[in-house]
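> Got a structure for you, questions after.
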Amino acid sequence: MDSIKQKLIEGSLVPFLGMGVFKGVTCKEGKELPYDSDSFVLALNNGRAMSPRLMYEYTRAAMSLEQRKGREYITQMTNHIYSSKEYDLPPVYEFLKELKPKYLIDTNMDDSSCKVYEDVPHFMVTGVSRVMGGYDRFIVYMYNLDSKSYDIVSKEELNGELPILFKPMGSTIPEKNFIVSDADFVDWLTEAMGGYAMPAFLKEFRKDKSYLFLGVDFSRDTYRMVSNEITLELSGGFIVSEKEEFSKKEDKFIASHNLEVIQQNPNDFLRSI
């Protein structure tokens, strides 16, 4: 297990985080953070369940709400979920803050992963969707340690000399850009398949990397497609999950990507390495 920790630091093993890392994390006033599709839908819809068809996946629910209430509603509600309540840095991020991996992929939309690197210069790449003026579906930022803020830089400036945080589904900071509804994902995935969802440097940098999937739900097509595009040319890796059984589609994804399943709670797993 020592080799896993060393590989995370070196960057040959890349942590890939999903919403499941928030399971059991509560805000200081006692409310639990969304940790799966169902709880995220409830958070988006002020605690009210939606129809089974919309509850199937939060992207559908978000699309329905966007059609009825507008895109700005979804943006503001997503930001509200993560920015209106105070909560301690979740354990997975606390662990990664100690290691400061060379490359971290975080599909969550809050700023926890930014805090992993808050005391060191680093790059952050965030995803965007449905934008005009070119095909790129990302923005590259450089973290200014003196001002504790992010500045937009050109995609050509991205390099491996500093840690890289990739937030493909957007972030609450420095701008409220989120990929959350069906329309967002369709746009982002379309451009991803065309090669426009990652800077050229990351497309080279990711080659032969292994991945440590923590809290990622592969039961729905959306995140299997997202993960597949981000990890093209991977060299295997691990899925840490408490699930006892996977669906046929999940099993196929796991086999085709040469992933080893570690049946364990992600927090317990990280404490063991």
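> Considering the alpha-carbon set of the stretch 52-109 alone, what are its Rg and its Dmax in angstrom?
Rg, Dmax (Cα atoms, Å): 15.5, 44.
> Still on this structure: Size of the stretch 198-273 along its principal axes in angstrom, Cα-based, largest extent first?
That works out to 37, 30, 17 Å along the principal axes.
> List the trypsin sites (Lys or Arg not before Pro) in the stretch 15-67 that DSSP assigns to loop (not H, G, I, E or B) and whose Cβ has at most 16 other Cβ atoms within 10 Å. Which are they?
Working: sites: Lys23, Lys28, Lys31, Arg48, Arg53, Arg60; in loops: Lys23, Lys28, Lys31, Arg48.
Loop-located and lightly packed - Lys28, Lys31, Arg48.
> Could you derive backbone 3J(HN,Hα) for the stretch 184-197 from the dihedral phi with the Karplus parameters 6.51, -1.76 and 1.60 (θ = phi - 60°), listing whole Hz in sequence and x where the residue is Gly or Pro?
4, 5, 4, 5, 5, 5, 4, 6, 4, 5, x, x, 10, 9
> How big, in percent, is the set of alpha carbon pairs in the chain lying more than 29 Å apart?
Percentage above 29 Å: 27.
> Which residue, Tyr150, Ile173, Ser12, has the largest displacement toward the positive end of the dipole of the chain when charges sit on each Cβ (Lys, Arg +1; Asp, Glu -1)?
Of the listed residues, the answer is Ile173.
> Sticking with this structure for a sec: Under a 5 Å amide H to amide H cut-off, with H placed in plane at 1.01 Å, what residues pair with Val261 once short-range neighbours are removed?
Residues meeting the amide H criterion: Ile239.
> Also: Which value, in Å to one decimal place, does the Kirkwood hydrodynamic radius take for the stretch 37-83 when every pair of different Cα atoms is included?
Result for the stretch 37-83 stands at 10.4 Å.
> What are the ³J(HN,Hα) values, in whole Hz, obtained from phi via the Karplus relation 6.51 cos²θ - 1.76 cosθ + 1.60 with θ = phi - 60°, for each residue of the stretch 139-152 in sequence order, with x given for Gly and Pro?
Along the stretch 139-152, the couplings run 10, 9, 10, 10, 7, 8, 5, 5, 8, 6, 9, 9, 10, 5 Hz.
> What ranking of Leu145, Leu54, Leu33 emerges when the number of other C-beta atoms within 10 Å of each C-beta is taken as an exposure proxy, fewest first?
By the 10 Å Cβ count, ascending: Leu145, Leu54, Leu33.
> OK, next. What is the sum of charges around Leu8, taking Lys and Arg as +1, Asp and Glu as -1, for the other residues whose C-beta is under 10 Å from the C-beta of Leu8? If you can, show how the numbers build up before the last one.
Details: positive: Lys5, Lys7, Lys100, Lys102; negative: Glu10.
Charge balance in the 10 Å sphere: +3.
> Any idea which of Val128, Ala183, Ser210 is furthest toward the positive side of the dipole for the chain, if Lys and Arg beta-carbons carry +1 and Asp and Glu beta-carbons -1?
Value computed over the given set: Ala183.
> On to the next question. With a 10 Å Cβ neighbour count serving as the proxy for reagent exposure, in which order, fewest first, do Lys249, Lys167 appear?
So the ranking, lowest neighbour count to highest, is Lys249, Lys167.
> Now for a separate question. Per residue, how big is the convex hull around the C-alpha atoms of the stretch 1-60? Give it to me in cubic angstrom, could you?
Value for the stretch 1-60: 128 Å³ per residue.
> So how strong a dipole does the stretch 37-83 carry about its Cα centre when Lys and Arg Cβ are +1 and Asp and Glu Cβ are -1, to the nearest 20 debye?
On the way: 6 positive and 4 negative charges, 33 e Å.
I would put it at about 160 debye.
> Follow-up question, since we're still on this one. Over all Cα pairs of the stretch 1-143, how is the pair count split among 5 Å bins, expressed in % and running from 0 up to the last occupied bin?
All Cα pairs, binned at 5 Å, distribute as 2, 8, 16, 19, 18, 16, 12, 7, 3, 0, 0 percent.
> Could you give each residue of the stretch 201-206 its phi-based ³J(HN,Hα) in whole Hz, using Karplus coefficients 6.51, -1.76, 1.60 with θ = phi - 60°, and x for Gly or Pro?
Per residue, the Karplus-derived 3J(HN,Hα) values read 4, 5, 5, 7, 4, 6 Hz.
> What is the projected area of the convex hull of the Cα atoms of the stretch 105-246, averaged over all directions, in nm²?
8.9 nm²
> Right, next: Hey, what's the Cα Rg ratio for the stretch 146-203 versus the globular rule of thumb, 2.2 N^0.38 Å? Mind dumping the intermediate values first?
On the way: Rg = 13.1 Å, N = 58, 2.2 N^0.38 = 10.3 Å.
This ratio for the stretch 146-203 stands at 1.27.
> Specify the inter-centroid distance of the stretch 235-273 and the stretch 68-96, based on alpha-carbon positions, in whole Å.
26 Å
Readers should treat all values here as calculations from the given coordinates under stated rules, not as data from a laboratory. It should be emphasised that the depicted structure is a prediction, and the values quoted were computed from it without experimental measurement. Cβ atoms come from the backbone with ideal geometry, glycine included; neighbour counts cover every protein chain shown.
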